[in-house]
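Data block below; observations after.
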Amino acid sequence: METTHYRACHICEAICGLEIKTNALGDIVAIKGDKNDPFSQGYICPKGTALQDIHQDPDRLRGPVKKVNGAWQSISWQQALDEVADKLVAIAEQHGNNAIGSYTGNPAVHSYGLLTHGQNFLSLFRSRNRFSATSVDQLPQQLTSLLMFGHQLLVPIPDIDRTQLMIIIGGNPMASNGSMMTVPNFRGRIKALQKRGGQLVVIDPRKSETAQIADQHLFVRPGSDAAMLLAMINIVLNKGWQNSQPLDAHLKNTAELAKLVAPFTPQAVAAITGIDEPTLREVTQKFAQEPKAVIYGRMGVSVQEFGTVCQWAIYLLNILTGKLDQPGGAMFTLPAWDNAAPGTRAGGFARWHSRVRQLPEFNGELPSCTMAEEITTPGDGQIKAMVTLAGNPVLSNAHGKALDAALDSLEFMVSIDYYINETTRHADIILPPSSPLERNHYDIAFNSFAVRNVARFNPAIFAKPEGAQHDWQISEALAEKIAQRLGREYQAKPTPEQMLDYSLQHGPYGAKNNHPQALSLASLQEHPNNLDLGALQSCLPERLSSEDKKIDCAPQVVIADLARVEQHLLGDKHLQSQQNNKQLKLISRRHVRSNNSWMHNYQRLVKGKDRSDLLIHPEDANARNLSSGDQVILKSRTGSIQVPVTVSEEIMPGVISLPHGYGHQRDGVSLTVAQTVAGQSINDITDNQLIDAVSGNTALNSVWVSVEKIA
Ligand SMILES: Nc1nc2c(c(=O)[nH]1)N[C@H]1C(S)=C(S)[C@@H](COP(=O)(O)OP(=O)(O)OC[C@H]3O[C@@H](n4cnc5c(=O)[nH]c(N)nc54)[C@H](O)[C@@H]3O)O[C@H]1N2
Ligand SMILES: Nc1nc2c(c(=O)[nH]1)N[C@H]1C(S)=C(S)[C@@H](COP(=O)(O)OP(=O)(O)OC[C@H]3O[C@@H](n4cnc5c(=O)[nH]c(N)nc54)[C@H](O)[C@@H]3O)O[C@H]1N2
Ligand code: SF4
Ligand SMILES: [Mo]
């Protein structure tokens, strides 16, 4: 007897609908794409099938463990939660609230209970030392949304199903399946675009999997995009291609733009970007003159030294050429749980600064590049205890070795995670949540970034085993115990399901809003294969969150950074260092069978050829007498690693590419399969001092490294 379950995949942002069959013994017998999901239409990637491997993985912790004399021992939930609460409260009382640091990782955004409840126990400490994966990722984009539209989650999404021209800068959705753009079956959607006569243009230092299916690919030098984008704005304004008419009355600070971009002529930027003047003019014209076009930038333009300027310039190009808020352009979603509605958390910026380096706060968090120094620098406010929540910063953050050492020096560390990995091995106690298939699922975050308005709730496939705790229950239990020890009253929060029901009912399609959909949790459950709420709709100026209901086209903090862009990118100094420097620029890459640092423990995904190799261009390989398979030492300011090379014309001369998330061969890691494909961590040579100066986001890409052959 088989049972069929429907469920959105929680691994990446594409949120594909899955059809999961289980047998009477409770084993998963098949995972396929759900053909009845109107959004993903049966699409699935290899990681979707691997959900069963996560569930069955013998290395996945099923109950709390405590390190005693260097060895892990199982302990009861009661003991674990009590000890964690005791320790955190004692440290906060002795050293102050800022002594409690925390880092929240990417999977938290894929677990709706963690989004609703994950921070509840941490909030009791009101510590300024909160960090997350946001600041090694999309921080510049959320900051730009806050500065221009008044809300960190008002992110313009490419209307891929109706566009005729999509320009992707520094994104590789063929491998990543899309990001800040929830787009199941990107390949199918691009095929449809090309079939209706449209085009895909990719601008990337690597001829990525996405560039390979594009109609046009331009190599751009890593880190130089800001100059290219400012030159594109310059061209648009000089040619009189500005066409922002429907929005004109709602734009402010446009008058100064022409002067601001004046130094960035297409001639002036060509040498630094590697894109010649006629080509940049041609692409810009094509974009400006196509009514249904969109320009979109992701990791490549976000985790670099000019991340905020890049995202601002991208938003601005869409605005100035009339693509914002128009079908086929860059549009805002209207999700059923509307986390950009009035009264929601718009985000704040620079309300305080980090203690050691004075970097700005965003949305209550400090940039994670400051984490190690905040742990190791003595003084008032030094972090003495760390909490990691669904994160693996030792592999995912720059200068991982510094963080590795810093975590080792803490008085206390607790991890809410189900693996003993490179980060959690430093913990004193690990609290593992229930398996993902044992929890209910709703995409609070990704419905907000989806290329159509959709909503879907799916109940857990398996009941959680006796005694197991969901992520959110761990947080609630800790909150209660911590409050008790602090002598405070703790008001238990409604459950995630109750919060979801409330948000749906009061949301834009809600029963309480008199919408014909009359959405509630109960009515949504009648659509287990996903509920389609239609294509994205124009919604400006109503949806703007800024007080004056205007779009700020020249936010002060961004404008102030243009001098730095000019100095670094147009200055002779930079060009000279490019020419004289024997070093190469290191960038990152993703592979469809992997996901950040934590999916190498499943045989199904890691089998086949090694994917942790360094890509190097034939010219740079010849100069070092290298051929494919040779081992090299990569050295940067922060460290060195040894990796195998693959010589390939896929990568630009002067640039090398390595995936992140490897480096599993370390003492105390319990990842049986991952350790057989250990690789090296790129973040042992990336630099936590190399940042986007506006936001403090780490510039993981475009790090200078030397490459030497090993005899
Ligand atoms: N050089 C370089 N570095 C990068 C990047 C890059 O492109 N280049 N990308 C960056 C980006 S975009 C990101 S988002 C970060 C990711 O960085 P992190 O979020 O720090 O790391 P992950 O690899 O996602 O680790 C996730 C952790 O969560 C655990 N986990 C998985 N599911 C759950 C769950 O449901 N509940 C709980 N409690 N734990 C869970 C896993 O066991 C693992 O320990 O890495 C960044 N680092
Ligand atoms: N299979 C898989 N899917 C994933 C993930 C994963 O690890 N594996 N991670 C998920 C997460 S957390 C995220 S945030 C998303 C990320 O999603 P994407 O941003 O689409 O993914 P990346 O592969 O990081 O793409 C970055 C691209 O930028 C290019 N690049 C690097 N430096 C520069 C530069 O200076 N300028 C320009 N123009 N391009 C540059 C790289 O060559 C690469 O092609 O993917 C998500 N999906
Ligand atoms: S693309 Fe793959 S990992 Fe991402 S949601 Fe779909 S099946 Fe899951
Ligand atoms: Mo990410």
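Of the residues Val236, Val220, Val202, which is in a strand (DSSP E or B) and of a type outside the set (D, E, K, R)?
Criteria check complete, one pass: Val202.
If you scan the stretch 292-342, which residues turn out to be touching a strand residue (DSSP E or B) at 6+ places or on another chain (Cβ under 9 Å), of a type in the set (A, V, I, L, M) and farther than 22 Å from Ala226 by Cβ?
Met331, Leu334, Ala336
Checking Trp337 against (1) in contact with a helix residue (DSSP H, G or I) (Cβ under 6 Å, 6 or more places away or on another chain); (2) over 30 Å from Met499 (Cβ atoms), which test does it fail?
(2)
Filter the stretch 118-128 down to residues that are open to solvent by less than 20 Å² (accessible area, probe 1.4 Å) and within 16 Å of ligand 1 (Cβ to nearest atom) and give me whichever is farthest from Asp82 (Cα to Cα).
Gly118
Is it the case that the stretch 163-176 has a residue that's among the small types (Gly, Ala, Ser), over 23 Å from Gly696 (Cα atoms), without any contact (Cβ under 8 Å) to a residue 60 or more places away in the chain and surrounded by fewer than 22 Cβ atoms within 10 Å (Cβ to Cβ)? Show your work before the answer.
Filtering the stretch 163-176 down to residues among the small types (Gly, Ala, Ser) leaves 170-171, 175-176.
When the remaining residues are screened for being over 23 Å from Gly696 (Cα atoms), the result is 175-176.
Now drop any that are not without any contact (Cβ under 8 Å) to a residue 60 or more places away in the chain, which leaves none.
Within the stretch 163-176, not a single residue is among the small types (Gly, Ala, Ser), over 23 Å from Gly696 (Cα atoms), without any contact (Cβ under 8 Å) to a residue 60 or more places away in the chain and surrounded by fewer than 22 Cβ atoms within 10 Å (Cβ to Cβ).
Kindly indicate whether Asp137 is in the same structural domain as Pro184 (by TED's automatic domain parsing) and farther than 28 Å from Ala90 by Cβ. Full working, then the answer.
On the way: in the same structural domain as Pro184 (by TED's automatic domain parsing): no; farther than 28 Å from Ala90 by Cβ: yes.
No.
Name the residues in the stretch 488-526 that are farther than 21 Å from Leu115 by Cβ and either part of a loop (DSSP other than H, G, I, E, B) or free of Cβ contacts under 8 Å to residues at least 12 places away in the same chain (or both), would you?
Scanning the stretch 488-526 gives Arg488, Glu489, Lys512, Asn513, Asn514, His515, Pro516, Gln517, Ala518, Glu526.
Select from the stretch 31-68 the residues that are in contact (Cβ under 8 Å) with a residue 40 or more places away in the chain and closer than 30 Å to Asp408 by Cβ and list them in ascending order.
Listed by number, the residues that qualify are Ile54, Asp57, Pro58, Asp59, Arg60, Leu61, Arg62, Gly63, Pro64, Val65, Lys66, Lys67.
Go through the stretch 99-195 and tell me which strands (runs of 3 or more DSSP E), entirely inside it, have 2 or more residues that are within 18 Å of Gly297 (Cβ to Cβ) and modelled with pLDDT of 95 or more.
Those strands (runs of 3 or more DSSP E) span 165-169.
Being outside the structural domain of Tyr418 (by TED's automatic domain parsing) and either crowded, with 16+ Cβ neighbours inside 10 Å or more than 14 Å from ligand 3 (Cβ to nearest atom) (or both) is the requirement here; does Ile75 meet it?
No, not satisfied.
Exactly one of (1) more than 16 Å from ligand 2 (Cβ to nearest atom); (2) of a type in the set (S, T, N, Q); (3) open to solvent by less than 30 Å² (accessible area, probe 1.4 Å) is unmet by Gln56. Its number?
(3)
Please indicate, with yes or no, whether at least one residue in the stretch 619-633 is surrounded by fewer than 21 Cβ atoms within 10 Å (Cβ to Cβ) and under 28 Å from the mean Cα position of the chain (by Cα).
no
The values are calculated or read from the model by the stated rules, or taken from the named source; none is laboratory data. Every value quoted in this text rests on a predicted model; they were computed, and no experiment measured them. Virtual Cβ from ideal backbone geometry, glycine too; neighbours counted across all protein chains shown. In case anyone asks, the SASA skips ligands and DNA or RNA and just uses the protein heavy atoms, side chains included. Shrake-Rupley method; radii C 1.70, N 1.55, O 1.52, S 1.80 Å.
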